[in-house]
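Enquirer: Just dropping this structure here.
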2 protein chains.
Amino acid sequence: MGRRPTWNEPELLRSVMAVFRRKGFAHTSVRDLEEATGLHPGSLYKAYGNKEGLFTAALAAYNEQVAARRVRTHLDETEPPLRGLHTFFVSTFDSGEEANPGCLLTNTAVEAPALAGVGRDGVAAGLELIEAGFRRLLERAVTAGDLAASTPTDQRAAELLAFYQGVLVLVRFGTPPARLAGIVAHALPALLTQEAH
Amino acid sequence: MGRRPTWNEPELLRSVMAVFRRKGFAHTSVRDLEEATGLHPGSLYKAYGNKEGLFTAALAAYNEQVAARRVRTHLDETEPPLRGLHTFFVSTFDSGEEANPGCLLTNTAVEAPALAGVGRDGVAAGLELIEAGFRRLLERAVTAGDLAASTPTDQRAAELLAFYQGVLVLVRFGTPPARLAGIVAHALPALLTQEAH
DNA sequence: TGTTTTGTTGAGCAGTCGTTCAACAAAGGG
DNA sequence: CCCTTTGTTGAACGACTGCTCAACAAAACA
């Protein structure tokens, strides 16, 4: 058949993902990606076609690995459900003290409209992944009796997604974790206990 | 003294602002700005030093004109206060049906960390402008008896700012206005009626 | 009316961008 | 072993980037 790649795809995409997450699509040059991956442009272009292809692959990897994993850990596997919801939010800003790059989905949702829809589908898929996680968690909470069924789950999940995006904007901008913790700790119960009006 | 500028600054900054808002800092070329303003590069650089200076000026103009004006109209001059809060949020997505460029502050908050703090101060000032508007409105609502004083105003204002940023991410990504209206209509009362837990 | 001052012009610079490709290296099939 | 297939290399390309500046134009002074 011929020679096989000298690199490992998941690992490569993890490096690429990290650069895009920190610098965004526009500010990331192919030279940056060469440095991050240790590969030369010919190899990258042979495997992914162009910079946009590499970004699309990295975004898909972000969804399947980073986002889906966090949804599973906090929204699906933490008890009680409402505690998992809280740790899901807190996990976005309680990491080390260096500059937090925020969420690749949020960053791309803001940047994508500037270019011709680069990554639009990936962002839509990622947001739906998270929103679906919210819906499953809310159903569990209602079943467990921790949450009144006064408001439809779909409605609550949509509100949580919006609030989540807002928190991630502040995370990326550099808002101190202590301040974010205060916001999340109070707003989360508030968003859940309201009856329709 | 010598010749005077042939252009009018507020109008020029309005054009520049529109381009940056739609395309972001990185995706906007100096040629784009020439086209938008009708000026040639020499004039732009004489007046603003470089692309970053032009961006800083446009962001300041956005704060002083667009943001401050909306804060005044909805948060300070609409009665009853809680109705003003609602229209403040709705006004971000009820405009025409073309692609909504979102908020220059939100977009810049996400893009800024990628470059060396371009516009960081302007974003911080703009966010504070909005948060202060929330605080004044909440105080008015408490005084009018429309809102229980169970939660400190500062706390509520910070939560509203976070939620506001999230709505603007979804606005920019292209979420349908009807969906955003549903989110805002229910989440806003929810964020305000919660007692501390 | 000179003279000075300041805004305007636009061709063009040096650098970076995303991308290509001919030459080469390594692996499997025969 | 040779041959085919496929991955790797990195110099180099044209396009575009932010930006400069010498020449020019017009307004305010004297």
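Enquirer: When the chain is fully extended, how far beyond the present Cα-Cα distance does A:GLU98 get from A:ARG69, taking 0.36 nm per residue of separation? Each step should come with its number before you reach the end.
Expert: Values: separation 29, 0.36 × 29 = 10.44 nm, distance 2.25 nm.
Full-extension gain reported as 8.2 nm.
Enquirer: Another one. Which order results if A:LYS51, B:LYS46 are arranged by neighbouring Cβ count within 10 Å, fewest first?
Expert: On the way: A:LYS51 18, B:LYS46 10.
Result, fewest neighbours first: B:LYS46, A:LYS51.
Enquirer: Answer with one residue from A:SER91, A:GLY2, B:VAL184: the one whose Cα lies farthest towards the positive end of the charge dipole of the protein assembly as shown, charges on Cβ with Lys, Arg +1 and Asp, Glu -1.
Expert: About the Cα centre, the residue reaching furthest to the positive side is A:GLY2.
Enquirer: What does the convex hull of the Cα atoms of segment B:47-159 come to per residue, in Å³, rounded to a whole number?
Expert: Details: hull volume 13.4 nm³, N = 113.
Per-residue hull volume (Cα only) is 119 Å³.
Enquirer: Could you state the angle between the C-alpha long axis of helix A:51-61 and the longest principal axis of the C-alpha atoms of chain A, as a value from 0 to 90 degrees rounded to the nearest 10?
Expert: So the inclination is approximately 40 degrees.
Enquirer: Can you give me the angle between helix A:120-143 and the longest principal axis of chain A, using Cα atoms only, in degrees from 0 to 90, rounded to the nearest 10?
Expert: So the helix axis and the longest Cα principal axis differ by about 30 degrees.
Enquirer: When 1/r is averaged over all different Cα pairs and the result inverted, which Kirkwood radius in Å belongs to segment B:1-51? Write out the running numbers ahead of the final one.
Expert: On the way: mean 1/r = 0.0873 Å⁻¹.
Evaluated over segment B:1-51, this radius sits at 11.5 Å.
Enquirer: Then there's this: If N is the number of residues in the protein assembly as shown, what value comes out of its Cα radius of gyration divided by 2.2 N^0.38 Å?
Expert: Working: Rg = 22.2 Å, N = 394, 2.2 N^0.38 = 21.3 Å.
Rg over 2.2 N^0.38 Å, computed on Cα atoms: 1.04.
Enquirer: Could you tell me the extents of chain B's C-alpha atoms along the three principal axes, largest first, rounded to whole Å?
Expert: Extents along the principal axes, in whole Å: 61, 39, 31.
Enquirer: On to the next question. Please compute the net charge surrounding A:CYS103, taking Lys and Arg as +1 and Asp and Glu as -1 over other residues with Cβ under 11 Å from its Cβ. Don't skip to the end; give the middle numbers.
Expert: On the way: positive: A:ARG21, A:ARG70, A:ARG172; negative: none.
Combined, the nearby Lys, Arg, Asp and Glu give +3.
Enquirer: Could you work out which residue, out of A:GLY133, A:GLY122, A:GLY96, moves most in a Gaussian network model of chain A, that is, has the largest mean-square fluctuation with Cα springs under 10 Å?
Expert: A:GLY96
Enquirer: Can you tell me which of A:ASN100, A:ASN50, A:ASN63 moves the most in a GNM of chain A? Springs connect C-alpha atoms under 10 Å apart.
Expert: A:ASN50
Enquirer: Below 28 Å, Cα to Cα, which lysines can A:LYS23 reach? Residues fewer than 8 away in the same chain don't count.
Expert: List returned: A:LYS46, A:LYS51, B:LYS23, B:LYS51.
Enquirer: Under 8 Å for C-alpha pairs, at least 6 residues apart: give me the relative contact order for segment A:1-110, rounded to a whole percent. The partial results should precede the final answer.
Expert: Working: 64 pairs, mean separation 33.3, N = 110.
Relative contact order for segment A:1-110 comes out at 30 percent.
Enquirer: Then there is this: Please get the size of the charge dipole for the protein assembly as shown, origin at its Cα centre, with Cβ charges of +1 on Lys and Arg and -1 on Asp and Glu, quoted in debye to the nearest 20. Numbers along the way, then the final one.
Expert: On the way: 40 positive and 44 negative charges, 191 e Å.
Charge dipole, the protein assembly as shown, about its Cα centre: 920 debye, nearest 20.
Enquirer: List the relative contact order of segment B:73-197 as a percent without decimals, with contacts defined as Cα pairs under 8 Å and 6+ residues apart.
Expert: On the way: 109 pairs, mean separation 41.8, N = 125.
About 33 percent, as a whole number.
Enquirer: For segment A:25-73 and segment B:96-137, what is the centre-to-centre distance using only Cα atoms, to the nearest Å?
Expert: Taking the Cα centre of each part, segment A:25-73 and segment B:96-137 sit 28 Å apart.
Enquirer: Got a sec? How would B:GLU79, B:GLU35 order by Cβ neighbour count within 10 Å, fewest to most?
Expert: Details: B:GLU79 9, B:GLU35 12.
Ranked by crowding around the Cβ, least crowded first: B:GLU79, B:GLU35.
Enquirer: Which one, B:HIS27, B:HIS74, B:HIS86, has the greatest fluctuation when you compute a Gaussian network model over chain B with C-alpha springs under 10 angstrom?
Expert: B:HIS27
Enquirer: Taking the 0 to 90 degree range and rounding to the nearest ten, how far is the long axis of helix B:9-27 tilted relative to the main principal axis of chain B, both from C-alpha atoms?
Expert: The angle comes out near 80 degrees.
Enquirer: Summing Lys, Arg as +1 and Asp, Glu as -1, what charge do residues with Cβ under 14 Å from the Cβ of A:GLU77 carry, A:GLU77 excluded?
Expert: Values: positive: A:ARG69, A:ARG70, A:ARG72, A:ARG83, A:ARG136, A:ARG140; negative: A:ASP76, A:GLU79.
Its environment carries a net charge of +4.
Enquirer: At a 10 Å Cβ-Cβ cut-off, how would you order B:ARG69, A:ARG179, A:ARG120, B:ARG22, fewest neighbours first?
Expert: Details: B:ARG69 10, A:ARG179 13, A:ARG120 16, B:ARG22 19.
Taking fewest neighbouring Cβ atoms as first place, the list is B:ARG69, A:ARG179, A:ARG120, B:ARG22.
Computed from the coordinates by the stated procedures, all read-outs in this text should not be read as laboratory data. The model shown is predicted, which means the values in this text are computed figures rather than measured ones. Counting neighbours? That spans all protein chains shown, and the Cβs are built from the backbone with ideal geometry, glycine included.
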